[in-house]
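J.: Before we start, here is the structure in question, set down as C-alpha cells.
The values are calculated or read from the model by the stated rules, or taken from the named source; none is laboratory data. No experiment lies behind these values; they were computed from the predicted model shown. Quick reminder, even Gly has a Cβ in these numbers, built from the backbone with ideal geometry, and neighbours come from all protein chains shown. SASA here: full protein model, heavy atoms, side chains in, ligands and nucleic acids out. Shrake-Rupley method; radii C 1.70, N 1.55, O 1.52, S 1.80 Å.
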Amino acid sequence: MPPRKAAGTSTEPTRRSTRIVAQPKEEPKAAPKATVSKKRPAETAEDEDADPEDGSSAPKKAKAVKAKAKKDAPEEEEEASKLAAIDIGDVLPSVTLKNEKDEDVDVAGLAAEKGVVFFLVPKADTPGCTNQACGFRDIYPDFTSLNYDVYCLSADSPAAQAKWQTKKELPYPLISDPKRVLITALGAGEGGKTKRSHFIFEKGGKLLEKKIPVKPVDSFFIQAVNQLSLSSAAIVKSRNFETLPYNFTLAAWNTTFPNANNTGVPLVLGQNGASTGASFYVTSTYASYPYNDYPSLQLVDNTLRALSASGEWFTNATTPSSGRPLTWVASRYYTSLASRNYSALQVPGNQFPLLAAYGSASLWSLCAAAGQRGQVNVVFNASGTLPSGYDVRKCYGVALNIVGTHGALLSIIHVQCLH
C-alpha cells in the first residue's frame, strides 16, 4: 500500500462520506427578525441599549421590564396596606414621607403644635389640581390665623411638586407619597389613583373632618375655613358637657350662607320606617316634615334622648356614622344600649350650645333625600359615601344649635325604654 500523503499537502478536494453526501443539505439559518417595529413605543425606548448583535436580547429585556412591573405592583399595594385606615376620631400615624425639597417629614409630627389641613390632588400642575391648589393659596392666611397649617399631598415626585410650587407661588409645603401609603390610609387611594379630597386634623393629630371626593372649584374652601373656626373655638376654648340640666330642641344653623333668624332651621324627628315593635326616625327639617311627635330632647351621660308629647322616654339617637343621617330608634318592647357619643359644646360668643358627636360640632350637614317624602335630613360627616338617594353636591354644612325649651327642667320618666 502506497504511503499516505500529508494532509497539509493535499491538492485534491476534500472527500466526503457518501452517507453524509446523501443527506439533504442544511439551509443556512435566517437572521432573527427584528422585533423593534412590533414593540410599543415605550418598550422601544427602554430597549435602545439592547445589544444589536444579539437579536434575542430586546425581547428578553422587554419581558424583564414587564416582569418587574408585575413584581412592583404587589409590593406597592403591600406598602400602602401597612397603615390602618384613618377615620374620624383617629390620629395621624407615624410615617415618613418626602416634602417638595426632598426632605424627610414625619407626618405625625406635623400636628404636634398646630392643626393640620391636608388637601389631596390627583396630579400636580394639571388644570383641575391647579384650581384646587390656588384656592387654598388664596385663603392660606385664613388658615394660619386659626393656627392651622396647610399641606398638599399627592403621589408626584418632590421635583415635580417643587416645580409646581414655584410656578404657582404656592405658600404651603407639598408632601410626596409615591406609593400612596398615607393617601390609601385616608381612604383617597384606589386603583393606583388619588381621589381629590381634603382632611382636617386638630392639634395633636385627631381627624375632625374629611371630604371625599370634592370638585376643584367647590366652595369647600370657605366651608373648611368656617368649620375650622368652629372646631378651633370648640376645642381650645369651649366647655364640653355630657349632660344638660334642661330639655331642648335642635335647630340647624347654616355655616356657609346667611340665616333667616338667630336660631336656625327647626329640626324634628322625621319618619323613616318601622318594624315589629320598633319605629325608626331621621332628623329632618320641620319644613320638609311638618310634624313633631317628639317636641323635646335630652342629653344625659352622652346619650341623646327624645321625649314624646306626653313626656315619655323610649327613643334614643343611634351611633353617628360617617355619611349617614342622624337616626333614632323608638321602642317600648326592645331594649339596647344607647349611643354614648354625643355632647354639648358651649363656645364663647355663641348664643346656644352646639350638639357634638365624638367631640366635634363641625361635621353636620343638611342633605336633601330623594323619594316620595323628599325630607331634608341632618347627615354626619357628609362625603362620597352617602347612601342611595342623597347627592353630596347638594349638601351644605350646618351647626346644630341646642335651643332650650321654655321652663324645661331635666325630669327623666323611666318607662320600658332604650337605656
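J.: Out of the residues in the range 151-196 that are of a type in the set (Val, Ile, Thr) and touching a residue at least 40 places away in the same chain (Cβ under 8 Å), state the one that is farthest from residue 107 (Cα to Cα).
T.: 194
J.: What pairs come out if I take residues in the range 118-145 that are of a type in the set (Gly, Ala, Ser) and pair them with residues that are open to solvent by 10 Å² or more (accessible area, probe 1.4 Å) and assigned to a helix (DSSP H, G or I) whose C-beta lies under 6 Å away, six or more apart or interchain?
T.: Taking only residues 6 or more apart or on different chains, the pairs are 124/160; 135/221.
J.: Go through the range 260-273 and report how many residues are open to solvent by 30 Å² or more (accessible area, probe 1.4 Å) and either over 18 Å from residue 369 (Cα atoms) or outside any strand (DSSP E or B) (or both).
T.: 4
J.: To continue, here is another question. Would you mind stating whether residue 322 is more than 28 Å from residue 208 (Cα to Cα) and hydroxyl-bearing (Ser, Thr, Tyr)?
T.: no
J.: Same structure, new question: Within the range 88-111, does at least one residue satisfy the condition of being in contact with a Phe, Trp or Tyr (Cβ under 9 Å, 6 or more places away or on another chain), β-branched (Val, Ile, Thr), at pLDDT below 90 and not in a loop (DSSP other than H, G, I, E, B)?
T.: No: the range 88-111 contains no residue that is in contact with a Phe, Trp or Tyr (Cβ under 9 Å, 6 or more places away or on another chain), β-branched (Val, Ile, Thr), at pLDDT below 90 and not in a loop (DSSP other than H, G, I, E, B).
J.: For the range 274-294, how many residues meet the condition of being open to solvent by 30 Å² or more (accessible area, probe 1.4 Å), touching a Leu at 6+ places or on another chain (Cβ under 9 Å) and within 12 Å of residue 330 (Cα to Cα)?
T.: 1
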